[in-house]
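Trainee: Okay, here's the structure, questions in a sec.
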Amino acid sequence: MTLHEIVQTAASLYPERRAVCFDECINKVPVIYTYKTVINLATELTDFLKKHCNFTERFEIGLYCYPGINLPSWIIGILQVPAAYSPIDPDAPPNLSAYFMKKCNFQYVLVEKDRVDKFTVAHGHLFCHNSFEIPKVGLILFQRKGSNIEHLNDNNESYAVPSGLEAQALDQLETKPFKDLLDVRQQHSIAYIFHTSGTTGIPKIVSVPHKCILPNILHLRDVFKVTPDDTVFMASPLTFDPSVIELFIALASGASLLIVPNLIKMMPQELSEVLFQHHRVSVLQATPTLLRRFGVQRIKSTVLSADTSLRILALGGEAFPGLNVLRSWRGKGNKTHVFNIYGITEVSCWATCYKVPEEVFSSDHRFDSLVPLGTPLSGTTVEVKDANGSAVLEGEGQVFIGGEERVCFLDDEVTLPKGTMRATGDFVRVKDTEMFFLGRKDNQIKRHGKRLSIEYVQQIAEGYCQAETCAVIWYQLEKLILFVVPKGNLKKRDILKKLQERLPSHAVPDEVLLIDTLPFTSHGKMDVSELSRIYGSHLNSRRCDSKLKENELWERLQHLWKAVLNFPDESTSILKESRFLHSGGDSLKSLQFHDEIEHMVGKPVPGLLEIILSRSIEEVYRHILKTVFPSENLKLSCNNAVKRKLSESSREEPSKKYVQLKPERSPVVESNFVGFTAVTRGNRLLSMGDPLKNHSNTEQAGESEVLPSVRDKTIVSSANMAEDDSILNTPVHENLGQTAEKLMLHLRWKSDLGKCVDASPLVVTEKLSAFVYIGSHSHVIQAIDLYSGKVKWERNLADRIESSACVSRCGNFLVVEGVMEKHTGHLRLRML
């Protein structure tokens, strides 16, 4: 059984069902192919390749393309030759792709028609094409220069001269027996050839047999219970081997495969809409990083909501999130099945799988915060060994993965014993027969789903950046920081530019710090703790020193834009409609741009990253301006810098003044309103009017169908209460008109926040609604409908909440101060 055969079987059962959908998400109608169309196009490609290519016993074809509607047909067409396909990323560094193609000795590369110019510029010295365009399929066939040279043997029969890997394979064939060995040269055995990222040193070439990957696909199809009614999203890049699982688990089940452009995957709002509103994706395999891009609120309200289409969520490629994080992501009533999947490219693709039990999502259920790696998948053997090579039944050790047929060939390997086990470099703790991931202990990390050697980044920086010396740290397990002791007048921008030219995007540091000398320990080793302290101090100083003036913002924003995107300083001004991703940015650069902006303005800017990813620079500017200079009368203009001073309304209001959160409505209180003035901590007064006719003696929450109408919401500053104590001294009955109703208090509703509540509640009212915002020591803050007692949303913050929340001056945000850690978090104020 092969990969293409399981798709052919499904196509024979479901010829008219939707097989693949490509949505460009730019107001175009999505393109859809049925299984019949996919197989027909694949067959055309197969016939073309058989006609125009000279075959050897082991035949591989490079595929240089972006994901699109024809991708399944391209891959199946190559496999049907039969040949192995080898994806080549058009956005990868050309020297990395050239190394890969030379190492594999590719004789042919299929290039997407729209990428021919790019391929020719980068690799025209290696490959040429003879106008071999494949009708209807959208590919151009390129041939290795000099690959058509033939030689004659003693019987005057032509043959190709083996070179590189093939020549070495022939030598090994003569010296090794076949018994109990797997042979890379076995005819039609290899399904695909990938390469590792190269950031752990020299890239490894991984040749994957059909027999190695098929058990993965078939077992996971059963575990996930994939049916023809499912829609599977292709979240992984084509060069990342989980893409094989996504593609074939869908097409082997009669399900539909959804593909979107790479650009859309970087836009959280657009991606969530296309996945869960437009196409109702039911199976998602992704890295935790991709999921986190949606943000906690969107994950909870859309991805993992009660009415989500998502039936299966499988997270792998990085350390699995803790259970407390999973609980904070999951919306009330959500029924999505969540899986932890683990594996390595060297034994493609997944090795273990663990389904997170439903009961652990209960907030009162006690469960270890770490999620186990799970049990081995079909045909896979997983062992844990200590430094001496002995099996670990309890305690810590390194993971080894293999199996009778679950064996891939690395680099120049030609024959391997069945059951070969591979060291993963990942360390686990074994407890009660379960494995818990601890991390990598060989100075390698996983960043954005790809393995990365910190030493490799350091070596590249030292080799290309004219530095005296360099050091790299993984700061707080989330930021890659490069420290450089420079030679001469070396600038950070020049360093980043050189690194972006030499490194894959996931290996480029988040920030470069120039220092005079590197700190060492008493043993002569690099003092990583001191480097972390230096960077922490650097962050604090930038926040403290940031005193950006309003008239500097537009110019500084343009400067940052150019710096992050490597535009020359002398380049013209940025067009106000320019978009970050369309100007050469990517997800990592967007995070860098986001951090640089927040450091520039000296405060967090809520919602900024999503604006950067999906809006123009003008809208980025406006968003920052609202946060940093929240004046009512700002004149927002990107054609020239704002040169006026802040208006009087943007300054701190003196005592006894009213700050209108809704200035378009005047605070008129009619005679039939009960007037309440609530005094809260922080010297704030909340004045609220409530119509008497809507009040009743109802004792149960939710009985009143008519919500009280609040004419205005006003926060009164009372720094000097002695000067304005008339508000408090005015008898209540004076504001009641002729009303003689007796005021009675009843318990309407209550809400459980898990632990002690030290903070006073904040009540915010609008015309037809009112909400209570309250936090507790359990890290939880809730937004509760004042009238019904229903919890509208809930957040888990980084630490216990000991002070009251307050409303931003614009009326759109909630500010919560974490007293224990002395940090401030911002939440968007939602009046639903």
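Trainee: Scanning for something assigned to a helix (DSSP H, G or I), on the phi < 0 side of the Ramachandran plot and in contact with a Lys or Arg (Cβ under 9 Å, 6 or more places away or on another chain), does the range 315-323 turn up at least one residue?
Mentor: Within the range 315-323, none of the residues are assigned to a helix (DSSP H, G or I), on the phi < 0 side of the Ramachandran plot and in contact with a Lys or Arg (Cβ under 9 Å, 6 or more places away or on another chain).
Trainee: Follow-up question, since we're still on this one. From the list T336, T415, which residue is in contact with a helix residue (DSSP H, G or I) (Cβ under 9 Å, 6 or more places away or on another chain), buried (at least 17 other Cβ atoms within 10 Å of the Cβ), more than 25 Å from K450 (Cβ to Cβ) and without any contact (Cβ under 8 Å) to a residue 60 or more places away in the chain?
Mentor: None of the other options fit; the residue is T336.
Trainee: Next up: Go through the range 348-362 and give me each residue that's modelled with pLDDT under 95 and either closer than 29 Å to G419 by Cα or loosely packed, with under 15 Cβ neighbours inside 10 Å (or both).
Mentor: Within the range 348-362, S348, C349, P357, E358, E359, S362 qualify.
Trainee: Restricting attention to the range 156-178, does a residue exist that is outside any strand (DSSP E or B), exposed (fewer than 12 other Cβ atoms within 10 Å of the Cβ) and at pLDDT 65 or above?
Mentor: No: zero hits.
To keep it simple, each residue is scored yes or no on (1) among the basic types (K, R); (2) in contact with a helix residue (DSSP H, G or I) (Cβ under 8 Å, 6 or more places away or on another chain); (3) more than 29 Å from Y35 (Cα to Cα); (4) free of Cβ contacts under 8 Å to residues at least 40 places away in the same chain.
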position	(1), (2), (3), (4)
L251	no, yes, no, no
L263	no, yes, no, no
Q269	no, yes, yes, no
V281	no, yes, no, no
L291	no, yes, yes, yes
G295	no, yes, yes, no
G316	no, yes, no, no
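Trainee: Sticking with this structure for a sec: Those residues that are of a type outside the set (S, T, N, Q) and under 15 Å from L181 (Cβ atoms), I need them from the range 407-438; list them, please.
Mentor: The answer is V407, C408, F409, E413, V414, L416, P417, K418, G419.
Trainee: Kindly provide the set of residues from the range 1-57 that are among the hydrophobic types (A, V, I, L, M, F, W, C), free of Cβ contacts under 8 Å to residues at least 40 places away in the same chain, in a loop (DSSP other than H, G, I, E, B) and closer than 30 Å to L263 by Cα, ordered by number.
Mentor: I26, V29
Trainee: Here is a follow-up. Looking only at residues in the range 59-94 that are within 30 Å of the chain's Cα centre (by Cα) and β-branched (V, I, T), which one is nearest to S256 (Cα to Cα)?
Mentor: Ranking the candidates gives I69 first.
Trainee: Quick one: count up the residues across the range 254-279 that are under 16 Å from the mean Cα position of the chain (by Cα) and of a type in the set (G, A, S).
Mentor: Selection size over the range 254-279: 1.
Trainee: Being touching a residue at least 12 places away in the same chain (Cβ under 8 Å) and closer than 27 Å to E358 by Cα is the requirement here; does E246 meet it?
Mentor: When the stated conditions are applied, E246 passes them.
Trainee: So A391 ticks every box in (1) at pLDDT 95 or above; (2) surrounded by 13 or more Cβ atoms within 10 Å (Cβ to Cβ); (3) over 29 Å from the mean Cα position of the chain (by Cα) but one. Which box is left unticked?
Mentor: (2)
Trainee: Confirm whether V508 is surrounded by 15 or more Cβ atoms within 10 Å (Cβ to Cβ), in contact with an Asp or Glu (Cβ under 9 Å, 6 or more places away or on another chain) and not small (G, A, S).
Mentor: No, not satisfied.
Trainee: Do any residues in the range 600-620 that are more than 20 Å from H582 (Cα to Cα) have Cβ atoms under 8 Å from those of residues that are aromatic (F, W, Y), where the two are at least six apart or on different chains, and which pairs are they?
Mentor: P606/F813
Trainee: Something else: S189: touching a residue at least 40 places away in the same chain (Cβ under 8 Å) and farther than 27 Å from I312 by Cβ, yes or no?
Mentor: no
Trainee: Sticking with this structure for a sec: Which residue out of I460, I473, I481 is at pLDDT 75 or above, part of a helix (DSSP H, G or I) and in contact with a Leu (Cβ under 8 Å, 6 or more places away or on another chain)?
Mentor: So the residue among I460, I473, I481 that is at pLDDT 75 or above, part of a helix (DSSP H, G or I) and in contact with a Leu (Cβ under 8 Å, 6 or more places away or on another chain) is I460.
Trainee: Something else: Sort out for me the strands (runs of 3 or more DSSP E) sitting completely within the range 230-304 that have 3 or more residues that are among the hydrophobic types (A, V, I, L, M, F, W, C) and crowded, with 18+ Cβ neighbours inside 10 Å.
Mentor: Per the criteria, 256-259, 283-286.
Trainee: Sticking with this one: Identify all residues within the range 109-134 that are of a type in the set (S, T, Y) and farther than 19 Å from Y66 by Cβ; write none if there are none.
Mentor: S131
The values are calculated or read from the model by the stated rules, or taken from the named source; none is laboratory data. A quick note: this is a predicted structure, and the numbers were derived from the prediction, not measured. A quick note on method: Cβ atoms are made from the backbone with ideal geometry, for glycine too, and the neighbour counts reach across all protein chains shown.
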